[in-house]
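Worksheet for the structure shown next.
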Amino acid sequence: MTSAFVVAPLVALAVLAGGLAGTFLRDRLPGRHLDEDTKWMVRIGIGFLSTLAALLMSLIISAKMQSFDAVSRSVATAAAQIVGIDASLRELGAAGDAARAQLRALVSAEVDRLWQHAPSPASDARGYHPLERTLRALSPAGAAEQAARARALQLTSELAHAGGLASSESGSTTTVPLLIVLLLWLVIISFGINLFAPASVPIVVVNLLVALSIAAAIFLILELDQPYHGLIGVSDAPLRAALQQLAS
């Protein structure tokens with residue numbers, strides 16, 4: 001998806017262009033085309049489109065917020081699982097050091113991939129399979145160490161699943177045709193409103209405020225669509241804290 005910093009200003013310009021087109025056409029249409037019957041029909045159409053646009057935009061923003069919150073919760077859950085794996089591996093003593101180093105490398109690569117756009121071999125759940133094989137190859141001596149290895153294996157499996165979910169949610173899910181239809185409706189609304197509005201400073205100010213507000217809403221949608229990037233992004237602080245614990 002194109003950067004929100006590029007799309008949002010273009011949206012504002014498109015809405016303003018629709019308003020200018022309405023003003024331009026008003027000054028050139030014969031008076032009979034701007035009578036009360038025409039005004040009534042245009043108002044009905046603009047009201048209908050305004051309702052559709054408001055519903056569609058609210059649904060998109062709500063869906064993006066839910067997706068963003070889900071990613072944030074998955075990051076916090078993954079951090080808790082990493083800390084749990086580390087605690088279990090510490091119980092294994094020196095035998096768990098290799099697995100801890102492997103886990104640290106995997107998590108560091110995953111954080112860099114998601115937040116720094118760095119290529120990583122651990123790009124999905126398969127990246128945790130070598131760690132699982134390392135854990136299965138361990139030979140715990142007593143019951144306590146066997147239980148620790150079992151907990152580490154269980155948490156690693158859950159972490160692999162969470163890593164796969166994070167990968168699937170890291171890309172754009174916004175449907176471009178949907179946003180194009182929404183923009184078309186907004187341009188038509190701006191056109192229809194300005195078709196009967198007299199040219200004045202207050203009208204120009206209102207058009208600017210409306211265009212900026214719409215652009216801000218589109219900016220929010222596009223920012224929420226990329227949960228690991230942009231101004232509005234899921235924090236990597238939980239995973240960074242887990243990495244610090246792994247390095248200690």
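Descriptive notes on the structure:
- Fully extending the segment from Thr175 to Ala63, taken as 0.36 nm per residue of separation minus the present Cα-Cα distance, adds 39.1 nm.
- Ranked from largest to smallest solvent-accessible area, with a 1.4 Å probe on the protein heavy atoms, His229, His161 come out as His161, His229.
- Max mean-square fluctuation residue, GNM over the chain, Cα-Cα springs under 10 Å, options Ala14, Ala143, Ala95: Ala143
- Residue-span extension gain [Ser235 to Phe196] - 0.36 nm each, minus C-alpha spacing: 9.3 nm
- Computed from the C-beta positions of Val206 and Thr51 and an R0 of 22 Å, the FRET efficiency is 0.65 to the nearest 0.05.
- Charge dipole of the range 1-124 (Cα centre as origin; +1 on each Lys and Arg Cβ, -1 on each Asp and Glu Cβ, all else neutral): 340 debye, rounded to the nearest 20.
- Trp185, Trp115, reordered so the largest accessible area comes first (probe 1.4 Å): Trp185, Trp115
- Identified option (computed Kirkwood radius over Cα pairs in Å; candidates [x] 18.1; [y] 19.0; [z] 21.7): [z]
- Residues with amide H under 5 Å from that of Tyr228, placed H, sequence gap 5 or more: Val234
- Accessible surface ranking for Asp97, Asp236, 1.4 angstrom probe, highest first: Asp97, Asp236.
- Exposure of Arg90 as accessible area (Å², to 10), given a probe of 1.4 Å and all protein chains: 110 Å²
- Local electrostatic count, Leu178, Cβ distance below 14 Å [Lys/Arg +1, Asp/Glu -1]: 0
- Residue of Ser139, Ser58, Ser72 that the Gaussian network model of the chain assigns the largest fluctuation, springs spanning Cα pairs under 10 Å: Ser139
- Per-residue ellipticity at 222 nm from helix content only, as computed over the chain with -39500 (n - 2.57) for each DSSP H run of at least four residues, stands at -27000 deg cm²/dmol.
- Size of electric dipole in the chain: Cβ of Lys, Arg +1 and of Asp, Glu -1, about Cα centre, debye, nearest 20: 80 debye
- Taking every alpha-carbon pair in the range 35-123 and binning the separations at 5 Å intervals from zero gives 2, 11, 11, 12, 12, 8, 7, 6, 5, 5, 5, 4, 4, 3, 2, 1, 1, 0 percent.
- Subtracting the Cα-Cα distance of Glu91 and Gln245 from their residue separation scaled by 0.36 nm leaves 54.0 nm.
The values are calculated or read from the model by the stated rules, or taken from the named source; none is laboratory data. Being a predicted model, the structure only gives us computed values, none of them experimental. Quick reminder, even Gly has a Cβ in these numbers, built from the backbone with ideal geometry, and neighbours come from all protein chains shown. All accessible areas refer to the heavy atoms of the entire protein, side chains included, with ligands and DNA or RNA removed. Shrake-Rupley method; radii C 1.70, N 1.55, O 1.52, S 1.80 Å.
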